[in-house]
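Visitor: I'd like to ask some things about the structure below.
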Amino acid sequence: MRVEEGRELNRYFLYLVFLNMFINVIIFVPKILIMYRYEGAVMATILSIPIGVGLAYCYSTAITKFSERGLPEILGTAKHRWLKTLHLGSIQLIWFSAGLLTLVGFIDILSRFVNPEMPKFLLLLIYLAAIFLIIQMPTERVMYLLEIILFINTPLILFIIFKAYTNEFLNWDSILEVGTHIFKWPSLKAFAAATYCFSGYGNLIIFNRVIKGKLKVWNFIIIIFLGIINAFTTFFIPIGFHGSDGVQEYLYPWVSTADSLRLVYSPIERVIFLFIMFYMSISLISISIHWHVALELIKGTLKKQISRRKSWVILSVFTGISIWGINYLNSILLMKLAVYWLIIRLVFEILVVIGFFIWARRRIA
């Protein structure tokens, strides 16, 4: 009975990876890859698949050996408390900043394409109200909410991607032109952006609490298959619609690509409105997942139950930093910050995966 339950709940691991693949499409990654389309982005996308899946496999198989325990519980008996605090603290910063960049970026998208006259501050307050409600829920309930959102939105997003691939205005010659630069060695910036597609497994730091049993090989086969589709769709579809040269003019290539699609017999003809509407919930749950992990790591660092008053102090800090981000990070600065954040994330991710994999093997042995 235990084994069957573990097999069933392996889908939760896939949800975390799928979510990161979906959010990968809309904000920073397509723009960064397109910036380096003639300078190694194709090779970066290809290399990101085995390396990203390899990192996911090493970390996921290591942490799921500690069944139904998050990282704070796993490190609870660590001898060096200062090392545990440093480890959890650095992860908190990475995860919080991931949610912050997504939040500021998507509010910029809403402000540009949906309602330019609506103050960004009001959009921020609406988002934060929903996010704070979600991140304080138990981890299992957050996962249930993620499952519902993916169940509703995934078929619709896949339909839009299908319409893009089958559109008569998709220029395959532009895609093939960029593809001829396959042997250009990738820059670190392009490679860091490409590997982010597979980084959803990192949320197991906390969500391992709801994973029962060991992960099976088919989990990673599915990730390889969908990762290939996601990586090349993210990169090549905007190039096919806007041309190998013209695509660089767009700040958010996939939003502009969605605006190029039409559903002639639909009540809503312009796909951009459907696309952004679907991604409102995807971005909301993505930010909530990252900040839920950050909040739970803060609780784990303090090693005691946080009172309601202290909890609101933490949420107030989250709010203050978010307001600062909305006021001072314009689109260009936000993109530059995202590029360097992705590089830091890649280096940090590799070090954490290797370090934890070695530590876990020694601990279990």
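The values are calculated or read from the model by the stated rules, or taken from the named source; none is laboratory data. Please read these numbers as outputs of a predicted model, since none were measured by experiment. FYI the Cβ positions are ideal-geometry reconstructions off the backbone, even for glycines, and counts take in every protein chain you see.
Visitor: Would you confirm whether any residue within the range 257-276 is surrounded by fewer than 24 Cβ atoms within 10 Å (Cβ to Cβ), touching a strand residue (DSSP E or B) at 6+ places or on another chain (Cβ under 9 Å) and of a type in the set (Lys, Arg)?
Guide: Step one: filter the range 257-276 for residues surrounded by fewer than 24 Cβ atoms within 10 Å (Cβ to Cβ), giving 259-276.
With the extra rule that they be touching a strand residue (DSSP E or B) at 6+ places or on another chain (Cβ under 9 Å), the set shrinks to 259, 261-263, 269-271.
From what is left, the residues that are of a type in the set (Lys, Arg) are 262, 270.
Within the range 257-276, one or more residues are surrounded by fewer than 24 Cβ atoms within 10 Å (Cβ to Cβ), touching a strand residue (DSSP E or B) at 6+ places or on another chain (Cβ under 9 Å) and of a type in the set (Lys, Arg).
Visitor: Let me ask another. Go through the residues of the range 330-353 one by one and say whether even a single one is of a type in the set (Gly, Ala, Ser), buried (at least 18 other Cβ atoms within 10 Å of the Cβ) and under 15 Å from Phe132 (Cβ atoms).
Guide: Looking through the range 330-353, none of the residues is of a type in the set (Gly, Ala, Ser), buried (at least 18 other Cβ atoms within 10 Å of the Cβ) and under 15 Å from Phe132 (Cβ atoms).
Visitor: Now a separate question. Could you say which residue among Ile135, Ile107 is under 20 Å from Phe13 (Cα atoms) and not hydroxyl-bearing (Ser, Thr, Tyr)?
Guide: Being under 20 Å from Phe13 (Cα atoms) and not hydroxyl-bearing (Ser, Thr, Tyr) holds for just one of Ile135, Ile107, which is Ile135.
Visitor: Only residues that are at pLDDT 85 or above, surrounded by 12 or more Cβ atoms within 10 Å (Cβ to Cβ) and either hydroxyl-bearing (Ser, Thr, Tyr) or touching an Asp or Glu at 6+ places or on another chain (Cβ under 9 Å) (or both): list them for the range 301-328, please.
Guide: Across the range 301-328, the qualifying residues are Thr319, Ser322, Ile326.
Visitor: Still on this model: Is it the case that Ile74 is at pLDDT below 95, aliphatic (A, V, I, L, M), buried (at least 19 other Cβ atoms within 10 Å of the Cβ) and within 19 Å of the chain's Cα centre (by Cα)?
Guide: Criteria not met by Ile74.
Visitor: Return the total of residues in the range 215-246 being surrounded by 15 or more Cβ atoms within 10 Å (Cβ to Cβ) and over 23 Å from the mean Cα position of the chain (by Cα).
Guide: 5
Visitor: Here is a follow-up. Take the residues in the range 10-32 that are in contact with a Ser or Thr (Cβ under 7 Å, 6 or more places away or on another chain) and closer than 20 Å to His292 by Cβ, then tell me which one is surrounded by the fewest Cβ atoms within 10 Å (Cβ to Cβ).
Guide: The selected residue is Leu19.
Visitor: Among the residues of the range 140-168, which ones are hydroxyl-bearing (Ser, Thr, Tyr), under 24 Å from Ile237 (Cα atoms) and either in a helix (DSSP H, G or I) or in contact (Cβ under 8 Å) with a residue 40 or more places away in the chain (or both)? First the steps, then the outcome.
Guide: Step one: of the range 140-168, the residues hydroxyl-bearing (Ser, Thr, Tyr) are 144, 154, 165-166.
Retained after the next criterion (residues that are under 24 Å from Ile237 (Cα atoms)): 154, 165-166.
If the condition is that a residue be hydroxyl-bearing (Ser, Thr, Tyr), under 24 Å from Ile237 (Cα atoms) and either in a helix (DSSP H, G or I) or in contact (Cβ under 8 Å) with a residue 40 or more places away in the chain (or both), then Thr154, Tyr165 are the ones that fit.
Visitor: Just for the range 77-104: of the residues that are small (Gly, Ala, Ser) and farther than 20 Å from Ile23 by Cβ, which one is modelled with the lowest pLDDT? Walk me through how you get there before you give the answer.
Guide: Initially, the range 77-104 is screened for residues small (Gly, Ala, Ser), giving 78, 89-90, 97-99.
From what's left, farther than 20 Å from Ile23 by Cβ: 78, 89-90.
Numbers: Ala78: 66, Gly89: 88, Ser90: 91.
Only one residue tops the list, namely Ala78.
Visitor: Filter the range 46-64 for residues that are buried (at least 20 other Cβ atoms within 10 Å of the Cβ) and polar (S, T, N, Q); which is farthest from Gly179 (Cα to Cα)?
Guide: Residue satisfying both the conditions and the ranking: Thr64.
Visitor: On to the next question. Could you please tell me which pairs satisfy a Cβ distance under 6 Å, a separation of 6+ or placement on different chains, a first residue in the range 50-73 that is in contact (Cβ under 8 Å) with a residue 40 or more places away in the chain and more than 16 Å from Ile221 (Cα to Cα), and a second residue that is assigned to a helix (DSSP H, G or I) and basic (Lys, Arg)?
Guide: So the pair list comes out as Glu68/Arg209; Gly70/Arg209.
Visitor: Here's something else I'd like to know. Report, by residue number, each residue of the range 229-249 that is out of contact with any Asp or Glu (no Cβ under 7 Å at 6 or more places or on another chain) and outside any helix (DSSP H, G or I).
Guide: Gly243, Asp245
Visitor: Also: Test Leu204 against the stated conditions and say whether it is buried (at least 18 other Cβ atoms within 10 Å of the Cβ), of a type in the set (A, V, I, L, M, F, W, C) and within 27 Å of Val347 (Cα to Cα).
Guide: yes
Visitor: Something else now. Pick from the range 109-139 the residues that are of a type in the set (S, T, N, Q) and part of a helix (DSSP H, G or I): which of them is farthest from Ile314 (Cα to Cα)?
Guide: Of everything passing the filter in the range 109-139, Ser111 is farthest from Ile314 (Cα to Cα).
Visitor: Looking at the range 96-130, which of its residues are under 16 Å from the mean Cα position of the chain (by Cα) and more than 26 Å from Val271 (Cβ to Cβ)?
Guide: Those that are under 16 Å from the mean Cα position of the chain (by Cα) and more than 26 Å from Val271 (Cβ to Cβ): Phe96, Ser97, Ala98, Gly99, Leu100.
Visitor: Within the range 92-108, track down each residue that is among the aromatic types (Phe, Trp, Tyr) and either touching a strand residue (DSSP E or B) at 6+ places or on another chain (Cβ under 8 Å) or farther than 18 Å from Ile314 by Cα (or both).
Guide: Residue satisfying the conditions is Phe106 alone.
Visitor: Let me ask another. Regarding the range 285-306, can at least one residue be identified that is more than 30 Å from Gly76 (Cβ to Cβ) and within 21 Å of the chain's Cα centre (by Cα)?
Guide: Quick first cut of the range 285-306, residues more than 30 Å from Gly76 (Cβ to Cβ) only: none.
No, the range 285-306 contains no residue that is more than 30 Å from Gly76 (Cβ to Cβ) and within 21 Å of the chain's Cα centre (by Cα).
Visitor: I'd like the residue in the range 180-201 that is touching a residue at least 24 places away in the same chain (Cβ under 8 Å) and surrounded by fewer than 16 Cβ atoms within 10 Å (Cβ to Cβ) and, out of all such residues, is nearest to Gly99 (Cα to Cα).
Guide: Going through the qualifying residues, I end up with Leu188.
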